[in-house]
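The structure under discussion appears below in the form of structure tokens.
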Amino acid sequence: MGQENMTDTQLKETDVAKAIQDVVDPEIGRSLGRLEMVKETRIGADGTVHVEIELPTPAYPHRERITQAIEKALRDAKLPPSSGLEVAYSSKVRGKNAGGTLGLTIGNIIAVGSGKGGVGKSTIAACLAYGLNHFGARVGLMDADVYGPSIPHLLGVANARPAALEHKKPDGETFTRIEPVVAGGVKTISMGFFIDPNQAVVWRGPLLHRAIIQFLKDTDWGQLDYLVIDLPPGTGDVALTLSQSVGLAGAVVVCTPQQVALLDAVKAISMYRQVKIPILGMVENMSGDIFGRGGARRKAAELGVPFLGEVPIEADIRIKGDEGKTAALFADESPARPHLLHVCEQTAIQVAKQILETPSMPTLEIL
Ligand SMILES: Nc1ncnc2c1ncn2[C@@H]1O[C@H](COP(=O)(O)OP(=O)(O)OP(=O)(O)O)[C@@H](O)[C@H]1O
Ligand SMILES: [Mg+2]
């Protein structure tokens, strides 16, 4: 039979399906088959090829690139659908079994740290939480900076007091769970809810460790796709506690562009590596005229870690933070919005990659 007589119905569904499975995902760099992203391939009565792709995160950037890659693969395989290609997208966040021994139902735990104080860690942590939530993920934000908690203020819930609710196990034994404060769709917990803001917290290591574990374990997080943790600056105590008790997806390292700050970021990365926390990547915050620009991108390349994006230095970011309106940075007219969304997308992609790179961890299916 000549090529001109071929009808769409003769396109072999299996050949088409095979070609699509082999398409390399433009963001993650692995085949769609390996990533288990193809949910369905079907050739309609009119010859249209219908493909259903399940993205590993709702924060997947430029999904149209997958459509283009599929189109190209079908053309290259001489299987072009004459009546068109329709790709439908859905998403389901996959996760490491992040609960560790604590019994949490959290897909991915992302720690946000830095080597230096004041570089905008808490701001970026809050923005990651709001941004991932903006894309439709279920998100929590834990403030692990027990000495200088600033998350309640950034989220505009400084006066909230979480309720402690008593629950009963099937055997009648009771246990208490803290209800996280919900701010703009994000569940959050912080030492700031439990102490007078003017009071200094003086704690030794073991107590700090216990407080962190309690925040993780005794908070009623429910099912989350992502839990973002704002780490305190400086020492690795909290990072160590986390790496020993939960399966972290990894750490996002925030730094400012200037050389001195970058040196601290390098130390932070080395510290996370020592305690076996994967590095998701570096974010350059306060990028712009004052501190320069591009330093973190270069440093990330030098260190062989992903670069997650630049967030410009902008009065609006400080003002919204001061006013407790961090969520407003995602409003349509906000100049910071595209930069922040980009950082969220890149972080979510790195989290999705981490799952592949540690195949020994059982994946947690969150329903
Ligand atoms: N991109 C930015 N542009 C302008 N101001 C910013 C930016 N990022 C953060 N800030 C401001 O810088 C200050 C410090 O930010 P933040 O509290 O997030 O830093 P941090 O690293 O968490 O500090 P600490 O080490 O004390 O926990 C805040 O006033 C915040 O609003
Ligand atoms: Mg902070």
Of all residues in region 206-241 being under 21 Å from Gly95 (Cβ atoms), away from ligand 2 (no atom under 16 Å from the Cβ) and of a type in the set (A, V, I, L, M), the one that is farthest from the chain's Cα centre (by Cα)
Ile213
Could you look through region 98-115, keep only residues that are under 13 Å from Gln223 (Cβ atoms) and in contact with a Gly (Cβ under 9 Å, 6 or more places away or on another chain), and pick out the one that is surrounded by the fewest Cβ atoms within 10 Å (Cβ to Cβ)?
Thr105
Taking Gly136, is it outside any helix (DSSP H, G or I) and within 16 Å of ligand 2 (Cβ to nearest atom)?
no
Would you check if there is a residue in region 75-96 being surrounded by fewer than 17 Cβ atoms within 10 Å (Cβ to Cβ), hydroxyl-bearing (Ser, Thr, Tyr) and part of a loop (DSSP other than H, G, I, E, B)?
yes
Assess whether Ser90 counts as being in contact with a strand residue (DSSP E or B) (Cβ under 6 Å, 6 or more places away or on another chain) and more than 16 Å from ligand 2 (Cβ to nearest atom).
yes
Answer with yes or no whether Asp316 is in the same structural domain as Thr123 (by TED's automatic domain parsing) and touching a Ser or Thr at 6+ places or on another chain (Cβ under 8 Å).
yes
Ser83 meets each of (1) out of contact with any strand residue (DSSP E or B) (no Cβ under 7 Å at 6 or more places or on another chain); (2) modelled with pLDDT of 95 or more; (3) of a type in the set (Ser, Thr, Tyr) with one exception, condition (2)
Pairs needed: first member in region 311-323, over 17 Å from Ile151 (Cα atoms); second member anywhere, open to solvent by 30 Å² or more (accessible area, probe 1.4 Å) and within 16 Å of ligand 2 (Cβ to nearest atom); C-beta distance under 7 Å; at least 6 residues apart or different chains.
Ile313/Met286
Would you mind finding the one in Gly156, Gly131 that is more than 9 Å from ligand 2 (Cβ to nearest atom), closer than 23 Å to Ala315 by Cα and open to solvent by less than 10 Å² (accessible area, probe 1.4 Å)?
Gly131
Just give me the residues in region 249-274 being open to solvent by 10 Å² or more (accessible area, probe 1.4 Å) and within 20 Å of the chain's Cα centre (by Cα), in sequence order.
Arg273
Spot the failing condition for Glu71; the list is (1) in a helix (DSSP H, G or I); (2) buried (at least 20 other Cβ atoms within 10 Å of the Cβ); (3) free of Cβ contacts under 8 Å to residues at least 40 places away in the same chain, and only one is missed.
(2)
At least 3 residues that are modelled with pLDDT of 95 or more and open to solvent by less than 10 Å² (accessible area, probe 1.4 Å) in each: list the helices (runs of 4 or more DSSP H) lying fully within region 280-367 that qualify.
337-357
Matching residues in region 89-142 (small (Gly, Ala, Ser) and within 16 Å of ligand 1 (Cβ to nearest atom)) number 12
Going through region 100-128 one residue at a time, which ones are assigned to a helix (DSSP H, G or I), more than 10 Å from ligand 2 (Cβ to nearest atom) and among the aliphatic types (A, V, I, L, M)?
Leu102, Leu128
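The values are calculated or read from the model by the stated rules, or taken from the named source; none is laboratory data. What you see is a predicted model; the values in this text were computed from it and never measured. Cβ coordinates were reconstructed from backbone atoms using ideal geometry, including for glycine residues, and neighbour counts include every protein chain displayed. Quick note on the areas: whole protein, heavy atoms, side chains included, nothing else; ligands and nucleic acids left out. Shrake-Rupley method; radii C 1.70, N 1.55, O 1.52, S 1.80 Å.
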